[in-house]
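Trainee: Sharing a structure below in structure tokens format, with a few things to ask.
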Amino acid sequence: MNKTVTKPWGFYVQLAVGDGWLTKMLEINPHQRLSLQRHRYRDEHWVIASGIAIVQVGDKTVRMTEGQHIQINAHDWHRVTGGNDGCTIIETWIGGCNEQDIERKEDDYGRVTT
């Protein structure tokens, strides 16, 4: 059973989970962005499924389009912003698969945890 969770930037659907991994589909609304965040116990791999994503990892920001992908290692500060039409990302976690493994540095929606 897929789990859908509404967020202020859009929503995500949990697609599959296994021992030490989890896969989600993130739907990011136009010009909305996730918090600037990092994780202690998991790496993430993002594949842009549709739209344009503005991806920040550390001090670097890149514009990514359908079919491009990026690796985000544990402890890397990262965020994504949806382009003019938003974007869809397939996100795979490797390592600790716990939603509480998140530290927010900046957030447009008042959810900073540091």
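The values are calculated or read from the model by the stated rules, or taken from the named source; none is laboratory data. Note that this is a predicted model, so its numbers are computed, not measured. Here Cβ is always computed from backbone atoms with ideal geometry, including for glycine, and neighbour counts include all displayed protein chains. Each accessible area value is taken on the protein alone, full model and side chains, heavy atoms only, with ligands, DNA and RNA left out. Shrake-Rupley method; radii C 1.70, N 1.55, O 1.52, S 1.80 Å.
Yes or no, residue by residue, for (1) more than 20 Å from GLU106 (Cα to Cα); (2) open to solvent by 70 Å² or more (accessible area, probe 1.4 Å):
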site	(1), (2)
VAL5	yes, no
GLY18	yes, no
ASN29	no, no
ARG40	no, yes
HIS45	yes, no
ILE48	yes, no
GLY58	no, no
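Trainee: Do you know which of the residues in the stretch 76-98 that are over 14 Å from the mean Cα position of the chain (by Cα) and in a strand (DSSP E or B) is modelled with the lowest pLDDT?
Mentor: Of everything passing the filter in the stretch 76-98, GLY95 is modelled with the lowest pLDDT.
Trainee: Look through GLY20, GLY51, GLY58, GLY95 and report the one residue that is free of Cβ contacts under 8 Å to residues at least 40 places away in the same chain and closer than 24 Å to ASN2 by Cα.
Mentor: Answer to the selection: GLY51.
Trainee: Let me ask another. I'd like to check something: does the stretch 99-106 contain any residue that is under 13 Å from the mean Cα position of the chain (by Cα), among the polar types (S, T, N, Q), open to solvent by 50 Å² or more (accessible area, probe 1.4 Å) and under 23 Å from ASP19 (Cβ atoms)?
Mentor: No.
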